[in-house]
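Have a look at the structure below before the remarks.
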Amino acid sequence: MGTIRLDRYLADVHIGSRKQIKEFIREGRVRIGDAVVTKGEEHLDPEEDTVFFDDKQLQYSKQRYIMLNKPAGVVSATKDGLSKTVIGLLKNIPVRGLSPAGRLDKDTEGLLLLTDDGPLIHHLISPSRKVDKCYEVHLKEEISDEALTTLREGVEIGDDSKTLPADVKRLAPDEKGQPVLELIIREGRFHQIKRMLHAVGHEVVYLKRISMGPLALDESLPPGGYRYLSADEIQALKTAGKE
Ligand code: URA
């Protein structure tokens, strides 16, 4: 691919804004190989050179990986004639080619990965990979141990096959005193959690995705907040799940 400027490289891997990148370089926090470089105009070959920021090796990629704390009221789509979309929430990010890795319902909140890395999306949502998706599920009414056992074993929700076994545990009730579960599923069927709870006679009043494989929602992001993933988070996602 030839050489590019160091400041361009750092912008492509999203370590900060243009202004921050200038500062990082000036402060001597960036190395190419063993050499600290204090000029953004320095050229390097992303395929040959190894770049470090604060002694952590960077992975060069022009692809974008964004963690969004999806708020209720927006749809997990790139375009929608009626409703606001998750893509519409992103400011100061080039959104061309970005898609959500799986869908959350309009009223569901929490972790949503947006990326232009199609193979990674496929990898994360493919049923054969069985990547864990962990949800916080608030219910209208108390749920019995028998119902939890049914969810754990797999439940008939009107599809061709039962749901795969899920992990379920009780969490402390919410501020309204309503029961809360942590539910981990390995598939991504349409309205899956709501349908699973419905099948055992329960209504979900609030649903939030907490993690997807190794990627946990950054709780410092307010609803509607987002950030780029770190190189370590991207690497972990690429190897998530099992065939
Ligand atoms: N299950 C649901 O029912 N809704 C979601 O948004 C995600 C999982």
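Observations, loosely collected:
- Rounded to the nearest 500, the 222 nm mean residue ellipticity of the chain from helices alone is -5500 deg cm²/dmol, with -39,500 (n - 2.57) taken per DSSP H run of at least 4 residues.
- Reachable lysines from residue 162, criterion Cα separation under 17 angstrom, eight or more residues apart if same chain: 130, 194
- Net +/- balance of residues flanking residue 121 in space, Cβ distance below 12 Å, scoring K and R +1, D and E -1: +1
- Scaled radius of gyration (Cα, divided by 2.2 N^0.38 Å) that the range 160-243 gives: 1.29
- Placing unit charges on the Cβ atoms only, positive for Lys and Arg and negative for Asp and Glu, gives the range 89-162 a dipole magnitude near 580 debye about its Cα centre.
- Ratio of Rg to Rh over the range 1-127 (Cα coordinates, Kirkwood Rh, two decimals): 1.07
- Its Cα centre serving as origin, the chain has a Cβ charge dipole (Lys and Arg +1, Asp and Glu -1) of approximately 720 debye.
- Based on Cα contacts under 8 Å between residues 6+ apart, the chain shows a relative contact order of 20 percent.
- Spatially proximal lysines relative to residue 19 (Cα-Cα < 29 Å; intrachain offsets below 8 disregarded): 39, 56, 62, 70, 91
- The spread of Cα positions in the chain, taken along each principal axis and listed from longest to shortest, comes to 64, 36, 36 Å.
- Bridges between two residues of the chain, per DSSP, are antiparallel at a rate of about 95%.
- Positive end of the dipole of the range 4-57 (Cβ unit charges, origin at the Cα centre): among 6, 53, 17, the Cα lying farthest that way belongs to 17.
- In the range 65-238, taking the dipole from charged Cβ atoms about the Cα centre, the farthest positive-side position among 85, 168, 225 is held by 85.
- Within the range 4-57: Cβ-based charge dipole about Cα centre, in debye rounded to nearest 20 (Lys, Arg +1; Asp, Glu -1): 380
- 3J(HN,Hα) from dihedral phi, the range 207-221, Karplus parametrisation 6.51/-1.76/1.60, rounded to Hz, x for glycine, proline: 9, 9, 8, 9, 7, 9, x, x, 9, 9, 4, 6, 5, 7, 7
- Annotation for the range 83-108 versus the range 136-152: alpha-carbon center distance of 31 Å.
Quick note: the coordinates plus some simple rules give every number you see, no bench work behind them. Being a predicted model, the structure only gives us computed values, none of them experimental. Counting neighbours? That spans all protein chains shown, and the Cβs are built from the backbone with ideal geometry, glycine included.
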